[in-house]
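For reference, the structure discussed in these notes is given below.
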Amino acid sequence: MSSDTYNYLDGNAAAGELSRVFAMDVTAAQGRCANCGAIRRFAEAHLYIRGPGVVARCPECQHVLLRLASFGESVFLDVKGLTYLRLDAT
Amino acid sequence: MWRIGTVVALQSETATARTIRFQVPDWPGHVAGQHVDARLTAADGYSAVRSYSIASAPNTNRQIDITVERLPDGEVSPYLTKEVMVGDQLELRGPIGGWFVWRPEQTEPIQLIAGGSGIVPLMSMIRSRAAAGSTAPFRLLYSVREPKAVWYSNELQGLTEQDPSFGITYAYTRATPKDWPRPPGRIDADLVAKATWPSSLGSTCYVCGPTSFVESAASFLTASGNSPDRIRTERFGPTGDRK
């Protein structure tokens, strides 16, 4: 149980940065993993933030779901690891 | 969208933790469990963003409290716990998050499990429940290093004394009060089984703490028969300088 085993956070930690992109809350959004088909709340994704951007991985199969990087006034968003993301008005 | 928050009150919680109250004129209101991003910008333009859970109950005063633990190598937490003064202004973004939240309309039993500073969003839920006059049964399992590291200690004690439907179990990891029945140690399956609602009640569980703590607590909850879809988690850790 070394700390390196748990070097991730969860989707909640990306919600602030993603609020620049999405008008609706992303933590409660349900996404389907393009690799294993698991449907989970974005809050449950494993989030890695040590790199230059953030990477969200599927909590079931660890496939990359989403990548987000900000450079100045630009945001690069890669969501090809999700077959869909369902956002609901709260 | 960044809003300006002005520090209006400061309160020490422990030797290393402090609660900061902000007045945010255009604050849209929050729900218990949500967090806020704080941005600090140095004179040379360098800026750092950190996420902090909101500790206060939703209110109409456009005020929010956060509680910050000073991390030895922290970039932001030493400033917030030692240097910031009433009248100072910070940039805040939020409220953020709609998943790890408790709303007063929820009437089912609630199980809260906190690891260290993971108590903060759960405290907002406890305060929200009290403010709304909710009678939803609440239990808190609070894992903390030692008695003097407990945050909101007097308030929590007062709430349990006044309210038979709110109960707390403390789990100490390093040092216990005198004659404490359980030796210091991490939470385990046995403690979680005994200190939490029976899974037959269909409670909703909220777990917040460092990632390793959250993974353990959530697995003990499922081992006790709780359905994974009734367990909501929020993780923070050395990767994030979070909370």
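Of everything in the range B:17-41 that's in a strand (DSSP E or B) and among the aliphatic types (A, V, I, L, M), which residue is surrounded by the most Cβ atoms within 10 Å (Cβ to Cβ)? Here the residue is B:Ala32.
Does B:Tyr142 meet the test of being in contact with a Leu (Cβ under 9 Å, 6 or more places away or on another chain), closer than 30 Å to B:Pro72 by Cα, touching a residue at least 60 places away in the same chain (Cβ under 8 Å) and outside the structural domain of B:Ala38 (by TED's automatic domain parsing)? The answer is no for B:Tyr142.
For B:Ala114, the conditions (1) surrounded by 17 or more Cβ atoms within 10 Å (Cβ to Cβ); (2) in contact with a Ser or Thr (Cβ under 7 Å, 6 or more places away or on another chain); (3) free of Cβ contacts under 8 Å to residues at least 60 places away in the same chain are fulfilled apart from (3). Scanning the range A:72-90 for residues being acidic (Asp, Glu) and part of a strand (DSSP E or B) gives a total of 1.
For the range B:42-58, how many residues meet the condition of being assigned to a loop (DSSP other than H, G, I, E, B) and under 17 Å from the mean Cα position of the chain (by Cα)?
First, the residues of the range B:42-58 that are assigned to a loop (DSSP other than H, G, I, E, B): B:42-46, B:55-58.
Narrowing the set further to residues that are under 17 Å from the mean Cα position of the chain (by Cα) leaves B:55-58.
Residues in the range B:42-58 being assigned to a loop (DSSP other than H, G, I, E, B) and under 17 Å from the mean Cα position of the chain (by Cα): 4 in total.
For A:Arg41, the conditions (1) in contact with a Cys (Cβ under 9 Å, 6 or more places away or on another chain); (2) within 19 Å of B:Gln34 (Cβ to Cβ) all hold with the exception of (1). Condition first: buried (at least 21 other Cβ atoms within 10 Å of the Cβ), more than 25 Å from B:Thr222 (Cα to Cα), at pLDDT 95 or above and in contact with a Gly (Cβ under 8 Å, 6 or more places away or on another chain). Can you find one or more residues in the range B:136-144 that meet it? Scanning the range B:136-144 turns up no residue that is buried (at least 21 other Cβ atoms within 10 Å of the Cβ), more than 25 Å from B:Thr222 (Cα to Cα), at pLDDT 95 or above and in contact with a Gly (Cβ under 8 Å, 6 or more places away or on another chain).
Give the range B:180-230 a look and list any residue that's surrounded by fewer than 17 Cβ atoms within 10 Å (Cβ to Cβ), aromatic (Phe, Trp, Tyr) and in contact (Cβ under 8 Å) with a residue 12 or more places away in the chain, or say none. Of everything in the range B:180-230, nothing turns out to be surrounded by fewer than 17 Cβ atoms within 10 Å (Cβ to Cβ), aromatic (Phe, Trp, Tyr) and in contact (Cβ under 8 Å) with a residue 12 or more places away in the chain.
May I ask you to list the residues in the range A:6-50 that are farther than 20 Å from B:Ile231 by Cβ, more than 10 Å from the chain's Cα centre (by Cα) and at the interface with chain B (Cβ under 9 Å from one of its Cβ atoms)? A:Asn7, A:Gly16, A:Glu17, A:Ser19, A:Arg20, A:Met24, A:Ile49, A:Arg50, listed by residue number. Among the criteria (1) at pLDDT below 95; (2) among the small types (Gly, Ala, Ser); (3) in contact with a helix residue (DSSP H, G or I) (Cβ under 7 Å, 6 or more places away or on another chain), the one B:Ala217 does not fulfil is (1). For the range B:178-215, a residue qualifies if it is within 14 Å of another protein chain (Cβ to nearest Cβ), in a helix (DSSP H, G or I) and not β-branched (Val, Ile, Thr), and the qualifying residues are B:Ser212, B:Phe213, B:Glu215.
Of the residues A:Val55, A:Val79, which is under 11 Å from the mean Cα position of the chain (by Cα), among the β-branched types (Val, Ile, Thr) and surrounded by fewer than 19 Cβ atoms within 10 Å (Cβ to Cβ)? If you could, list the steps in order and put the result at the bottom.
Working: A:Val55 fails: surrounded by fewer than 19 Cβ atoms within 10 Å (Cβ to Cβ).
Every option except A:Val79 fails the conditions.
Residues of the range B:30-83 that are among the polar types (S, T, N, Q), modelled with pLDDT of 95 or more and closer than 21 Å to B:Ile113 by Cα: B:Gln34, B:Ser53, B:Ser56, B:Thr67. Scanning the range B:159-177 for residues that are loosely packed, with under 12 Cβ neighbours inside 10 Å and assigned to a helix (DSSP H, G or I) returns B:Glu161, B:Gln162. Among the listed residues B:His30, B:His35, which satisfies the condition of being under 12 Å from the mean Cα position of the chain (by Cα), of a type outside the set (Ser, Thr, Tyr) and on the phi < 0 side of the Ramachandran plot? Step by step, each of B:His30, B:His35 is checked, and only B:His35 is under 12 Å from the mean Cα position of the chain (by Cα), of a type outside the set (Ser, Thr, Tyr) and on the phi < 0 side of the Ramachandran plot.
From the list B:Asp37, B:Asp88, which one is of a type in the set (Asp, Glu) and more than 14 Å from every other protein chain (Cβ to nearest Cβ)? Can you show your working first?
Details: B:Asp37 fails: more than 14 Å from every other protein chain (Cβ to nearest Cβ).
After ruling out the rest, the residue left standing is B:Asp88.
Hey, could you check the range B:42-90 for residues that are free of Cβ contacts under 8 Å to residues at least 12 places away in the same chain and under 23 Å from B:Arg145 (Cα atoms) and say which is surrounded by the most Cβ atoms within 10 Å (Cβ to Cβ)? Only one residue tops the list, namely B:Pro78.
The values are calculated or read from the model by the stated rules, or taken from the named source; none is laboratory data. For clarity, every value in this text was computed on a predicted model and none was experimentally measured. Ideal geometry is used to build each Cβ from the backbone, glycine not excepted, and the neighbour counts take in all protein chains shown.
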